[in-house]
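Novice: Let me give you the structure first, and then I'll get to my questions.
The values are calculated or read from the model by the stated rules, or taken from the named source; none is laboratory data. None of the values given here were measured: they were computed from a predicted structure. Quick reminder, even Gly has a Cβ in these numbers, built from the backbone with ideal geometry, and neighbours come from all protein chains shown. Each accessible area value is taken on the protein alone, full model and side chains, heavy atoms only, with ligands, DNA and RNA left out. Shrake-Rupley method; radii C 1.70, N 1.55, O 1.52, S 1.80 Å.
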Amino acid sequence: MTRLLNSMIATLIFTSIAALTVPVMINPSHAQPAEAYPARPIRMIVPFPPGGSNDIMGRYFANYLTERLGRQVVLDNRPGADGIIGTEIVARSAPDGYTLLVASAAHAVNGGTRKLPFDPLNSFAWAAMLGLGPSVVSVHASLPVNSIKELLAHGKANPGKLVLSTSGGYAHFTSELFHHMSGMKLVVVVYKGGFPAMMDTMAGQTQINIGALVQTMPHLKGGKLKPLATTGAKRAGPTPELPTVAEAGIPGYEANNWWAVAAPAGTAANIVNRINAESLRFLQQPEIVKRLEADGVEPDPRSPDSIRKFLPIEMAKWANVAKVANIRVQ
């Protein structure tokens with residue numbers, strides 16, 4: 001009897017264990033699919049005030065993505081600390097593809113010259129490169145100069161009397177490099193963004209401004225700003241009449257801005273690749289190319305891997321500029 005009872009118990013235990021190990025069949029009609037991206041609006045953070053080059057380039061791409069993705073892509077301007085505040089928000093956001101960053105050369109400047117609360121390269125998944133473009137040296141219409149050489153002569157004859165307005169980060173370094181190489185004694189005033197810096201020159205509060213061509217172009221025909229030269233290695237497409245700064249009297253001077261889009265590190269590869277694919281398509285649209293070139297922006301499509309290789313080179317370049325021009329960041 002005991003032997004029979006033990007046999008029945010063993011059989012019951014075996015049957016119970018076997019039942020636990022049998023795969024559970026799920027009705028496919030009740031399975032939960034992975035969330036299609038995007039399923040809700042996307043926030044694109046611009047770490048500078050409205051009206052500047054980051055804001056303009058970000059708005060172009062955001063409007064395009066809104067149409068392509070079928071979800072609203074909303075620009076969120078978070079200025080402060082030369083772009084660091086807004087950039088840190090993205091670095092600390094959930095890596096789900098719903099918070100993106102519009103980065104620019106200012107990001108590389110900060111990465112090469114500051115101790116940051118994030119890793120400028122590895123805290124981000126680099127998704128798209130939108131383009132690159134020069135800045136333009138312009139002066140208030142009342143200043144009695146019409147070329148870089150005349151500006152150099154006027155500035156050297158009036159040491160400490162001319163004020164150059166600029167924003168932080170890349171624009172600050174571009175301006176300080178110009179100041180250093182020009183031999184003039186200028187007063188350099190740093191604003192929270194490129195647009196307010198330019199507006200003060202237009203208003204006559206400052207005499208000289210160096211700002212992105214994409215930001216300045218709409219205001220050059222108003223008569224309050226007088227463009228003298230562009231900062232790239234070659235003349236800009238929309239302003240072929242303007243010489244480069246190097247051509248015009250400061251040999252060796254060159255500076256180009258660029259604009260990219262990044263997500264927080266850890267964002268899924270399929271999301272990063274989707275944004276990259278859309279950026280490549282964006283830069284192939286004839287109307288987009290025409291608009292960018294009219295603003296002095298050269299489309300620069302890149303893969304995520306290419307952007308990651310590009311950034312350390314940029315950071316090293318601006319670290320060297322800081323050393324050569326003796327630029328001290330706060």
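Novice: Any residue in region 281-298 that's farther than 21 Å from P240 by Cα: show its pairings with residues that are hydroxyl-bearing (S, T, Y) and surrounded by 12 or more Cβ atoms within 10 Å (Cβ to Cβ) at Cβ separation under 7 Å, as long as the two are six or more apart or on different chains.
Specialist: Correct list of pairs: F282/Y64.
Novice: What's the number of the condition A265 fails, among (1) open to solvent by 40 Å² or more (accessible area, probe 1.4 Å); (2) in contact with a strand residue (DSSP E or B) (Cβ under 6 Å, 6 or more places away or on another chain); (3) more than 18 Å from L101 (Cβ to Cβ)?
Specialist: All conditions are met except number (3).
Novice: To continue, here is another question. Which fully enclosed helices (runs of 4 or more DSSP H) of region 27-128 have 3 or more residues being closer than 21 Å to L213 by Cβ?
Specialist: 53-69, 105-113
Novice: Scan region 149-157 and give yes if some residue there is open to solvent by 10 Å² or more (accessible area, probe 1.4 Å) and assigned to a loop (DSSP other than H, G, I, E, B), otherwise no.
Specialist: No, there is no match, as no residue in region 149-157 is open to solvent by 10 Å² or more (accessible area, probe 1.4 Å) and assigned to a loop (DSSP other than H, G, I, E, B).
Novice: For region 289-330, what are the residues that are under 19 Å from A127 (Cα atoms) and either in a helix (DSSP H, G or I) or of a type in the set (F, W, Y) (or both)?
Specialist: Of everything in region 289-330, those that are under 19 Å from A127 (Cα atoms) and either in a helix (DSSP H, G or I) or of a type in the set (F, W, Y) (or both) turn out to be P304, D305, S306, I307, R308, K309, F310, L311, P312, I313, E314, M315.
Novice: Then there's this: Among V139, V74, V90, which is among the aliphatic types (A, V, I, L, M) and surrounded by fewer than 19 Cβ atoms within 10 Å (Cβ to Cβ)?
Specialist: When all the criteria are applied, what remains is V74.
Novice: Considering region 211-247 alone, what residues qualify as being in a helix (DSSP H, G or I), over 19 Å from K149 (Cβ atoms) and of a type in the set (G, A, S)? Before the answer, list the steps.
Specialist: The first filter runs over region 211-247 and keeps only residues in a helix (DSSP H, G or I), leaving 213-222, 245-247.
With over 19 Å from K149 (Cβ atoms) added as a condition, the list becomes 213-222.
Answer for region 211-247, where residues must be in a helix (DSSP H, G or I), over 19 Å from K149 (Cβ atoms) and of a type in the set (G, A, S): just G222.
Novice: Filter region 158-175 for residues that are out of contact with any helix residue (DSSP H, G or I) (no Cβ under 8 Å at 6 or more places or on another chain) and either buried (at least 16 other Cβ atoms within 10 Å of the Cβ) or modelled with pLDDT under 90 (or both) and give the result.
Specialist: Within region 158-175, V163, T174, S175 qualify.
Novice: Quick one: which of N122, N110 is touching a residue at least 24 places away in the same chain (Cβ under 8 Å) and open to solvent by 30 Å² or more (accessible area, probe 1.4 Å)?
Specialist: Within the list N122, N110, the selection yields N122.
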